[in-house]
1. Please work out which one of (1) assigned to a loop (DSSP other than H, G, I, E, B); (2) under 17 Å from the mean Cα position of the chain (by Cα); (3) buried (at least 18 other Cβ atoms within 10 Å of the Cβ) is the condition residue 153 fails and give its number.
2. May I ask you to list the residues in the range 1-12 that are more than 14 Å from the chain's Cα centre (by Cα) and either closer than 22 Å to residue 48 by Cα or in contact (Cβ under 8 Å) with a residue 24 or more places away in the chain (or both)?
3. Determine whether residue 201 is touching a strand residue (DSSP E or B) at 6+ places or on another chain (Cβ under 8 Å) and part of a loop (DSSP other than H, G, I, E, B).
4. Which of the residues belonging to the range 44-58 are crowded, with 21+ Cβ neighbours inside 10 Å and modelled with pLDDT of 95 or more?
5. Here are some conditions: (1) surrounded by fewer than 20 Cβ atoms within 10 Å (Cβ to Cβ); (2) free of Cβ contacts under 8 Å to residues at least 60 places away in the same chain; (3) within 18 Å of the chain's Cα centre (by Cα); (4) under 16 Å from residue 81 (Cβ atoms). Residue 133 meets all but one. Which one does it not meet?
6. What do you reckon, is residue 148 crowded, with 22+ Cβ neighbours inside 10 Å, modelled with pLDDT under 95 and within 19 Å of the chain's Cα centre (by Cα)?
7. Under 6 Å between Cβ atoms, which residue pairs at least 6 apart in sequence (or on different chains) link something in the range 59-71 that is surrounded by 14 or more Cβ atoms within 10 Å (Cβ to Cβ) with a partner that is in a helix (DSSP H, G or I)?
8. Filter the range 23-43 for residues that are within 14 Å of residue 81 (Cα to Cα) and either free of Cβ contacts under 8 Å to residues at least 24 places away in the same chain or assigned to a strand (DSSP E or B) (or both) and give the result.
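The values are calculated or read from the model by the stated rules, or taken from the named source; none is laboratory data. Note that the structure is a prediction, hence the values are computed from the model and not measured. Note that each Cβ is placed from the backbone with ideal geometry, even for glycine, and that neighbours are counted across all protein chains shown.
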């Protein structure tokens with residue numbers, strides 16, 4: 001079948017294939033979309049961690065974005081690893097020039113699963129001031145949210161405060177992911193100016209969690225590219241991540257990759273999502 005929904009991904013490469021550009025391409029393809037890429041960095045990594053990072057020159061990043069958008073085009077854009085100020089500025093300038101009005105899902109990647117820092121400390125302010133206001137949705141985890149709002153996010157109540165703080169700073173919508181909290185119940189919060197929705201699901205006990213953030217953001221971007229409302233794109237994205245975790249191939253000796261090739265029946269979305277949603 002012909003792919004539906006073009007997504008341009010601006011992110012780093014993961015040599016292990018579980019996260020980054022590789023996870024983005026697999027996710028978008030599995031959900032029926034078409035993935036194009038602008039590679040922002042190369043990483044040497046496996047399931048145990050990142051060993052080295054090489055940045056891509058800013059001019060070359062801009063060229064990748066310009067060429068993709070001038071020829072193939074995009075219905076949505078997803079950003080992931082943008083390692084430094086120059087990279088953030090290059091991506092933001094290119095998107096402002098070549099992709100005005102196209103929905104952007106920004107995953108504010110800061111630290112790899114194994115603990116390696118993927119965003120320079122002096123770039124956090126630039127990310128917050130330049131990229132995040134451009135996004136239709138940002139998808140921070142709790143450590144990323146703490147870096148952005150400047151206060152601890154340690155429970156569901158502080159998650160709500162952090163989401164509200166980000167909205168006050170001009171972010172249009174926030175999906176704050178609660179995977180770093182303890183407990184059998186996993187809580188994510190979707191906050192927009194129209195209200196807040198809480199998604200709760202049973203935590204999956206698995207070491208195959210590498211690339212879950214990249215995968216979720218790309219799944220949501222694919223949904224937006226296919227014309228889905230934001231809430232529906234989030235629900236399908238969460239369901240896809242859960243299904244991919246359950247289908248994980250068990251590779252590697254650390255945090256293993258997901259089973260990105262999994263398929264599921266959209267008619268069984270509530271069952272696959274495994275969540276209850278409440279709105280406020």
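1. Exception for residue 153: condition (2).
2. Once the filter is applied, which keeps residues that are more than 14 Å from the chain's Cα centre (by Cα) and either closer than 22 Å to residue 48 by Cα or in contact (Cβ under 8 Å) with a residue 24 or more places away in the chain (or both), the range 1-12 yields 1, 3, 4, 5, 6.
3. Criteria not met by residue 201.
4. Those that are crowded, with 21+ Cβ neighbours inside 10 Å and modelled with pLDDT of 95 or more: none in the range 44-58.
5. (4)
6. Yes; evaluated as a whole, the condition is true for this residue.
7. Pairs found: 61/90; 62/90; 62/94; 65/94; 66/98; 69/98.
8. 37, 38, 39, 40, 41, 42, 43
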